Each structure stands twice: as C-alpha cells, then as structure tokens.
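Since the structure comes first, as structure tokens, the remarks are kept for the end.
The values are calculated or read from the model by the stated rules, or taken from the named source; none is laboratory data. Just so we're clear, the structure is a prediction, and the values are computed from it rather than from any experiment. Every residue, glycine as well, gets a Cβ built from its backbone with ideal geometry; the counts of neighbours run over all protein chains shown. Accessible surface is based on the protein model in full, side chains and every heavy atom, while ligands, DNA and RNA are left aside. Shrake-Rupley method; radii C 1.70, N 1.55, O 1.52, S 1.80 Å.
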Amino acid sequence: MRIHWLVALATGITALPHAASADTISLAEALARAEARPDVAVAAADLDGARGERTQARLPFYNPELALAVGPRMAAGTVGVGFEASLGQVVELGGKRGARRAVAAAREDLAQVRLASSTRQARLAAWAAFHLALVGAARVDSARALETLAVEVAAATATRQGLGGGTQLEVNLAAAEVGRARHDRVDAETRVDHDRAALATAIGARGDEAPEPSGPLPAFAAPAASLDALIAHARAERPELQAAAATVAAARADVDLADAVARPDLRLGVSY
C-alpha cells in the first residue's frame, strides 16, 4: 500500500505545472517600465517647473509704469480741467536680479539631481527584483526536481524492503527526506511569489498583471577597481551625496537672495 502511495505522489509531483503567467517581461522592458513610474514622472515634472522658474528669473522684476490723471483744477477763481502724465521705472539695486537667477539655476540643478536619482533608484530596484525573481524560479525548479527524486528513492526503498532487501529504518529515513524536500519546494514557491510581487511593484505594474521575468541569470565578476577607487567613485556618483550638495547650493543661493532683497531699490520717473 505504501509503495502505491509513494509512486502516485511521485507522479503527481512530476506533473506539477509551473506558476501560470503569460506576462513575460525582459530586463530591458522592466527597466523601461521602471523609468515610467509615477515617482520618476513627478521628478521630471519638478524639473520642468524649475526650468520655467529659471526662464522667468531672467526677466526684469519691474516693468515701466505709465500713469495718466485728469480732474478739476482751480485757477484764478475759475474751474478748469487739469491733466497729468507720468512715466516711472523702478531700478533694482543690490544685485537682486542676479540673485534670483542664481536661485533659479540652483533649484534647476537640484531638480536634475533628484530626477537622475529617482531614475537610478527605479532602475536599480527593477534590476534587483528582476534577477531575484529569475533566481527564485530556478530555485523552484531545483526544489521540485529534488522532491521528485526523493519520492522516487522512497518508493524504491519501500519496494526493496518488500522484497526482503531493506530495513524499516531505511524506509523511515527516505520518507523523512521526502518531507524535507516537500518543505523546501513549498518554501521556494512562496519566495518566488514574493519576488514576483516585488518585481511588479518595481515596474509599476497594474493590479491585473503578473510579470514573469525571462532571460539569463546575471553573471557577477570581481570589481576591476581597488577599494579606494570604489570609495572615490561612490563619493562622486552617489545620488544621495549629489542631492545633498545641490540642496546646500540652493540654500546658499536663497540666503544671497534674501540679503539682496534687504537692500532698497531706486525709482526714477518724469511727470508733466
């Protein structure tokens, strides 16, 4: 009876289908989807707004003012009509216009750094999730193959005992190995489901999508640069450091603008 049960279990495991998914996706497609995520789009919109503010900062803050006035006028006991016209222009002093341009340029630089950082982070998350899902799928295939092998060994051990060539201990050990292999297979299937969900999040997939990565596993080689060179590269290229430096530059530009605004302006005009 045990022999028939083990053989049936082995047949059922061999016939187990892989996780159903028709939404196969390549690495290039995953990276492109990641770059179109909403957080990256928001960063791009912020950059467009910063560029618009920089264009506006190039324009003069004050335009010429033309004023016309008409009203009654008393002269020599008679009432007449008086007219007055004036033309005025406020001249900014203290470098206010240049300070506004510097602030706009610093904010545009900060927006560019943030967009580059958002894009890089989105691509990195998609790249990592894609390959983790690939590794998880390979782990599931391996676990299923090992479980099938364990069941076949258990069935062969039970058959051998039935023919008088084995012991009950060997049968029990083979059955325990089947249980361990089944546990590993279930654990691998659970992990790959989480990996695929992480990939869907990384590429901004819709709720009805089930992306299945397709492609080769990554090959990692030892870094060609030294540790000091890697540290220097990280200091120059890390998005967090670049964003911090751009934030400091924008704050300093704001301080310079505040100092410039504190200086009074000059108004020139003529009237008739």
Point to revise | Every residue from segment 198-241 that is more than 30 Å from Leu110 (Cβ to Cβ) and hydroxyl-bearing (Ser, Thr, Tyr) | key: Ser214, Ser226
Point to revise | Scope segment 55-70; condition part of a loop (DSSP other than H, G, I, E, B) and open to solvent by less than 100 Å² (accessible area, probe 1.4 Å); matching residues | key: Pro60, Tyr62, Pro64
Review point. Restricting attention to segment 194-213, which residues are modelled with pLDDT under 90, among the acidic types (Asp, Glu) and closer than 16 Å to Leu134 by Cβ?
Key: Glu212
Review point. Which one of the conditions (1) open to solvent by less than 60 Å² (accessible area, probe 1.4 Å); (2) free of Cβ contacts under 8 Å to residues at least 12 places away in the same chain does Asn172 fail to meet, given that it meets all the rest?
Key: (1)
Exercise for review: Within segment 205-248, work out how many residues are open to solvent by less than 60 Å² (accessible area, probe 1.4 Å), part of a loop (DSSP other than H, G, I, E, B) and within 15 Å of Ser26 (Cα to Cα).
Suggested key: 5
Exercise for review: Evaluate the following for Gly80: is it modelled with pLDDT under 85 and not aliphatic (A, V, I, L, M)?
Suggested key: yes
Exercise for review: For Gln242, indicate whether it is of a type outside the set (Ser, Thr, Tyr) and without any contact (Cβ under 8 Å) to a residue 60 or more places away in the chain.
Suggested key: no
Check your understanding: Only one of (1) part of a helix (DSSP H, G or I); (2) in contact with a strand residue (DSSP E or B) (Cβ under 7 Å, 6 or more places away or on another chain); (3) aromatic (Phe, Trp, Tyr) fails for Trp127. Which number is that?
Key -> (2)
Revision key, fill the gap. Within segment 9-37, the residues that are at pLDDT below 50 and open to solvent by 80 Å² or more (accessible area, probe 1.4 Å) are Thr11, Thr14, Pro17, His18, Ala20, Ala22
Practice item. Show the residue pairs that are 6+ apart or on different chains and have beta-carbon atoms under 6 Å apart, the first residue being within segment 113-125 and open to solvent by less than 80 Å² (accessible area, probe 1.4 Å), the second being at pLDDT below 90 and aliphatic (A, V, I, L, M). Key: Val113/Ala243; Ser117/Ala243
Revision key, fill the gap. From the option list Arg107, Arg139, single residue qualifying as out of contact with any strand residue (DSSP E or B) (no Cβ under 6 Å at 6 or more places or on another chain), farther than 30 Å from Leu257 by Cα and at pLDDT 90 or above is Arg139
Review point. Take the residues of segment 71-90 that are open to solvent by less than 40 Å² (accessible area, probe 1.4 Å) and free of Cβ contacts under 8 Å to residues at least 60 places away in the same chain: which is nearest to the chain's Cα centre (by Cα)?
Key: Gly71
Exercise for review: Answer with yes or no whether Arg54 is free of Cβ contacts under 8 Å to residues at least 60 places away in the same chain and of a type in the set (Lys, Arg).
Suggested key: yes
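Ala138 - would you say it is at negative phi and open to solvent by less than 50 Å² (accessible area, probe 1.4 Å)?
Against the criterion (at negative phi and open to solvent by less than 50 Å² (accessible area, probe 1.4 Å)), Ala138 qualifies.
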